[in-house]
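What follows is a set of notes on a single structure, which appears directly below.
The values are calculated or read from the model by the stated rules, or taken from the named source; none is laboratory data. From a predicted model like this one, the values you see are computed outputs, not experimental measurements. Using ideal geometry, Cβ is built from the backbone for each residue, glycine included, and neighbour counts are taken over all protein chains shown. Side chains included, ligands, DNA and RNA excluded: accessible areas come from the protein's heavy atoms. Shrake-Rupley method; radii C 1.70, N 1.55, O 1.52, S 1.80 Å.
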Amino acid sequence: MESLALHCSFTTTTTTPFSLNPGISLHFCSKPISRSSPPSIFPPSSSFPALRSPLNSLLFSPLPKRRNPLLFLTRATSQNDKDPPPQTTPPPPPQGAKLLPFLISISIGLIVRFLIPIPVEVTLQAWQLFAIFLSTITGLVLSPLPVGAWAFLGLTTSIVTGTLPFTTAFGAFTNEVIWLIVISFFFARGFVKTGLGDRIATYFVQWLGKSTLGLSYGLTLSEALIAPAMPSTTARAGGVFVPIIKSLSLSAGSRPGDPSSRKLGSYLVQSQFQASTNSSALFLTASAQNLLCLKLAEELGIIILNPWVSWFKAASLPAFVSLLLTPLILYKFYPPEIKDTPDAPAMAAKKLKQMGPVTKNEWIMVGTMLLAVTLWVCGDTLGIPSVVAAMIGLSMLLLLGVLDWDDCLSEKSAWDTLAWFAVLVGMASQLTNLGIVSWMSGCVAKSLQSLSLNWPVAFVILQASYFLIHYLFASQTGHVGALYSAFLAMHLAAGVPGVLAAMALAYNTNLFGSITHYSSGQAAVYYGAGYIELPDVFKMGFVMAIVNAIVWGGVGTLWWKFLGIY
């Protein structure tokens, strides 16, 4: 899931100076004290970059200097008793819902429920649920409350109004795909905790990092390798790649929030950010929303056999082409000032030496993920569902001590995802069962037929609309829960082959994750690193959206025709 929530874990750290050459001295955080390793030239994998926010100055400001008690007493006694004492306590943060977003979100549902006539094809129950669903989606966009809290209010409303019975409203909490997504967060934590993801990326820096372009390709390929076994783009960004990029950039004199950022850091962050969407699209288990898409497609009757292999085969050619083009295109349109990085391989080699040999926990993590991926690939043949394979893997990590239960409990994003994903999936499923989705798709189909459009043209229009609407969303998974089923039904009504429509929409869901600084969880992490300016995020996001549309729309459709998908 790549919602805007970040996977943060705070640990006690120490500071170790490291000098790359005479006249340059940098200070980096060492590994957490819970892990016994020598000081690293890279920041710890579990340290996430601080997002740009007015709160940063409050959260990370140094402690005030202790005042001289005698001086303090002198000032206190000389102060006029009528003067009010200085304000030292910051005002409490606002509590409860934000009033304007709350009123707008509620108004949308009330207008639909009471002011818009109910279509004759739709029952009162279905229309009422549709109104609640629209209020819930509007709240996810405007955020009157945190996502999980607002989703819970929508669920409560559906029960209180008698729209859904309790068991039906909570039925999606037992959904296998949602639990697979939750377990994927725990796998990602294991990669960060053991340092395995950091080690793999550092190897690629050592092998390909002599030039800035090679360094970018090394980071891009390492993410593609990690992606199927670390199923969270946000965790990969914050736990592995942003710390490495910041370390390399600082060593080259490229600092965040400074004109020097364009020396190296801006290009590396922008390249990795844009490439991450294709890494997420390459494997079914590379991102949470992929699994959710196939589950929603299944509810509309579109069954994809051997989904892990089918997904990879269909995505492989367009994703690899885009992964190879992205660093090169950005090298031309968003060039770094430093073209060569001869010190990067030596830095990486020193980092690997300091890390020492592969630890027992890293080997366990490798073996567990190889087992999980094998079961995901061969699950249909062996009769083992994907979620059961993930449960087996997590159980091994718990039994062997790579993860403990506190690690799972502290993964707040996983439990938050369980709550609001289940609400959205449950509502979307009931809208399908009650006929709202078929009614909407029928209306769109009639409009398309009136324009005498054949299905390829309708396919392009619907895919482009699905992509552009994401400028209004701050979550890929929220977008899927709100619109995937409806758009898939529209594709089917327009005559688009079912498997083609389902998989193209799912791939599209990954590709729009880098169009803005709020479009996904990894977007917030990469933008928060401080190396890219907001206009550049939108500009390069649009440029790469065009590139991805050409590659996936041209190379992808020809490849899918060759595979017999349509």
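Of the options Ala229, Phe204, Thr168, report the single residue whose Cα projects farthest towards the positive end of the charge dipole of segment 124-263 (beta-carbon charges: Lys, Arg +1; Asp, Glu -1).
Phe204
Where the centroid of each part is defined by its Cα atoms, how far is segment 387-440 from segment 231-271 in Å?
Each part reduced to its Cα centre gives a spacing of 31 Å.
Post the alpha-carbon centroid distance, segment 296-372 to segment 103-118, in whole angstrom.
45
Taking θ as phi - 60°, what are the ³J(HN,Hα) couplings along segment 354-362 by the Karplus curve (6.51, -1.76, 1.60), each to the nearest whole Hz, with x for Gly and Pro?
For segment 354-362, the Karplus-derived couplings read 5, 5, x, x, 4, 7, 4, 5, 5 Hz, x marking Gly and Pro.
Karplus couplings for segment 228-233 from phi (6.51 cos²θ - 1.76 cosθ + 1.60, θ = phi - 60°), rounded to Hz, Gly and Pro as x?
Ordered by residue, 3J(HN,Hα) equals x, 9, 10, x, 8, 5 Hz.
I need to check one value: relative contact order of segment 99-174, counting alpha carbon pairs closer than 8 Å and at least 6 residues apart, in percent.
For segment 99-174, the relative contact order is 30 percent.
Order of 177-183, 282-288, 540-546 by packing, highest average Cβ count within 10 Å first?
Per-residue mean Cβ counts within 10 Å order the peptides as 282-288, 177-183, 540-546.
Would you mind telling me the share, in percent, of accessible area of segment 99-174 contributed by carbon and sulfur at probe 1.4 angstrom?
The nonpolar share, carbon plus sulfur, comes to 78 percent.
Residue-wise, which Karplus ³J(HN,Hα) couplings in Hz belong to segment 478-491, taking 6.51 cos²θ - 1.76 cosθ + 1.60, θ = phi - 60°, and x for glycine or proline?
3J(HN,Hα) across segment 478-491, in whole Hz: x, 4, 4, x, 7, 10, 4, 4, 5, 5, 5, 5, 5, 4.
Once a ≥ b ≥ c are taken as the square roots of the eigenvalues of the Cα gyration tensor of segment 99-174, is the result rounded (a/c under 1.5), prolate (a/b larger than b/c) or oblate (a/b not larger than b/c)?
Judged from the Cα gyration tensor, segment 99-174 comes out oblate (a/c at least 1.5, b/c at or above a/b).
Shape verdict for segment 434-566, please, from the Cα gyration tensor: rounded (a/c under 1.5), prolate (a/b greater than b/c) or oblate.
Here segment 434-566 falls in the prolate category.
May I ask which residue of Ser447, Trp363, Ser475 lies farthest towards the positive end of the charge dipole of segment 355-504, with charges of +1 (Lys, Arg) and -1 (Asp, Glu) on Cβ and the Cα centre as origin?
Farthest towards the positive pole: Ser447.
Provide the packing ranking of 259-267, 462-470, 509-517, i.e. peptides ordered by the mean count of other C-beta atoms within 10 Å per residue, highest first.
509-517, 259-267, 462-470
Might you tell me the accessible area per residue for segment 99-174, computed with a 1.4 Å probe and given in Å²?
51
Please give me the summed charge of the neighbours of Gly197: other residues whose Cβ is under 13 Å from its Cβ, Lys and Arg +1, Asp and Glu -1.
Local net charge: +1.
What residues from segment 459-494 fall in the zone where the backbone N is under 12 Å from a label point 7 Å along the Cα-to-C-beta line of Leu563?
Of the residues in segment 459-494, none has backbone N under 12 Å from the label point off Leu563.
With the cut-off at 1.5 for a/c, could you classify segment 277-392 from its C-alpha gyration tensor as rounded, prolate or oblate?
oblate
Expressed in nm to one decimal, what extension gain is obtained for the pair Arg255 and Leu398 from 0.36 nm per residue of sequence separation less their Cα-Cα distance?
Full extension from Arg255 to Leu398 adds 47.5 nm.
Scan around Ser211 for amide H atoms under 5 Å from its own, H built in the peptide plane at 1.01 Å from N, and keep only partners 5 or more places away or cross-chain.
HN-HN under 5 Å from Ser211: Thr341.
Can you list the lysines whose alpha carbon sits under 27 Å from that of Lys539, skipping same-chain ones fewer than 8 residues off?
Lys246, Lys263, Lys332, Lys339
When ranked by the protection proxy of mean other Cβ atoms within 10 Å per residue, highest first, what sequence do the peptides 414-423, 382-391, 118-127 form?
414-423, 382-391, 118-127
Hey, if we sort Lys246, Lys313 by accessible area with the 1.4 Å probe, largest down, what's the order?
Greatest to least solvent exposure: Lys313, Lys246.
Report the full-extension gain for the segment Val543 to Lys332: residue separation times 0.36 nm, less the Cα-Cα distance, to one decimal in nm.
Extra length available between Val543 and Lys332 comes to 74.8 nm.
Please give the contour-minus-distance gain from Val309 to Leu468: 0.36 nm per residue of separation, less the Cα-Cα distance, rounded to one decimal in nm.
54.3 nm
If each of Glu176 and Val366 carries a label point 7 Å out from its Cα toward its Cβ, how far apart are those two points in nm?
Using points 7 Å along Cα→Cβ, the separation is 3.1 nm.
In the full protein assembly as shown, how much of Glu533 is accessible to a 1.4 Å probe, in Å² to the nearest 10?
Rounded to the nearest 10, the figure is 100 Å².
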